[in-house]
Amino acid sequence: MTARSIITIDGAAGTGKSSVAQLLAKRIGAGCLDSGAMYRAVAVLAKDYEIDPKDGPMLAAKVNDVGVSFNWNNDPPTVMLGGVDVSERIRELDISGIVSSVAKQPEVRAVLMNQQRIIASTHPLLVTEGRDQGSVVFPEAVVRFFLEADFEERTKRRTKQLLEAGKDVHPDVVAEDIKNRDRIDTTRSDGPLICAEGAVVINTSSQSLEEVVETMERIVRDAMKGS
Ligand code: DC
């Protein structure tokens, strides 16, 4: 795995990371890693095994025991806990409610960072999105993007996403969830959501998905030519 083969996209919930990452990956023929899905899968483990979301060592041990992985044959790749597909379960609001606590635990972050690097080593070209992919996990990536969007727009997008997935949610509940996760994600000591030095910042509030991806693809292709 060389620096040329990794593109990172970080940003807060609702900035459009996931949609943008999937489209960009398709356009440049890369795999697409949703690192947030891994943290969400660990939150499912906490629920299923009744582990305290703040008990990092216990959660990390459970991850090693059960295994968090992706089935790369599906598009987008499905998230697996052991042999079980939890792709839908990880999007439930009860999981969103505890995932930031889980993601705050250094033991959990260490285990997942290790797995993210292993995943990267098995892909010739990878777009990876999350909170710390460019700042901590892959600081050597060829391009590191940081996406931003206005709070209202983020709430609107997240609500639409959940409604489309058949979840019965009220925008106020979604707004509260985003606010709460922002606070925890930006203030944790290990791998906080920060804009890494040298990252390319894109505000997606008033741009279409297509426009954002177009810009990113151009930047990536230029960088890959030059590196
Ligand atoms: O992107 P998302 O909303 O699915 O992420 C779920 C949670 O996981 C979010 O609260 C932050 C956390 N996360 C993280 O701490 N580091 C990452 N690289 C990705 C997600």
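Data overview
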| read-out | value |
| --- | --- |
| Positive-pole candidate from G83, V220, I98, dipole of the chain, charges at beta carbon | V220 |
| Cα-centre dipole for the chain with unit charges at Cβ (Lys and Arg positive, Asp and Glu negative), debye to 20 | 440 debye |
| Qualifying GluC sites (Glu not before Pro) in the range 35-95, DSSP loop, other Cβ atoms within 10 Å at most 12 | E50, E88 |
| Neighbourhood net charge (13 Å Cβ-Cβ; Lys/Arg +1, Asp/Glu -1) for V63 | -1 |
| Links that overshoot a 23 Å alpha carbon limit, given the list K26/K104; K26/K225; K47/K156; K54/K160; K54/K156; K54/K179 | K26/K104; K47/K156; K54/K160; K54/K156 |
| Relative contact order of the chain, pairs being alpha-carbon contacts under 8 Å that are 6 or more residues apart, as % | 34 percent |
| Ranked by how many other beta carbons lie within 10 Å on average, peptides 57-64, 101-108 from highest | 101-108, 57-64 |
| Dipole magnitude of the range 123-167 about its Cα centre (Cβ charges: Lys, Arg +1; Asp, Glu -1), debye to nearest 20 | 240 debye |
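We did not get these values from a lab; they are worked out from the coordinates using the rules stated. This is a predicted model, so every value here is computed, not measured. Quick reminder, even Gly has a Cβ in these numbers, built from the backbone with ideal geometry, and neighbours come from all protein chains shown.
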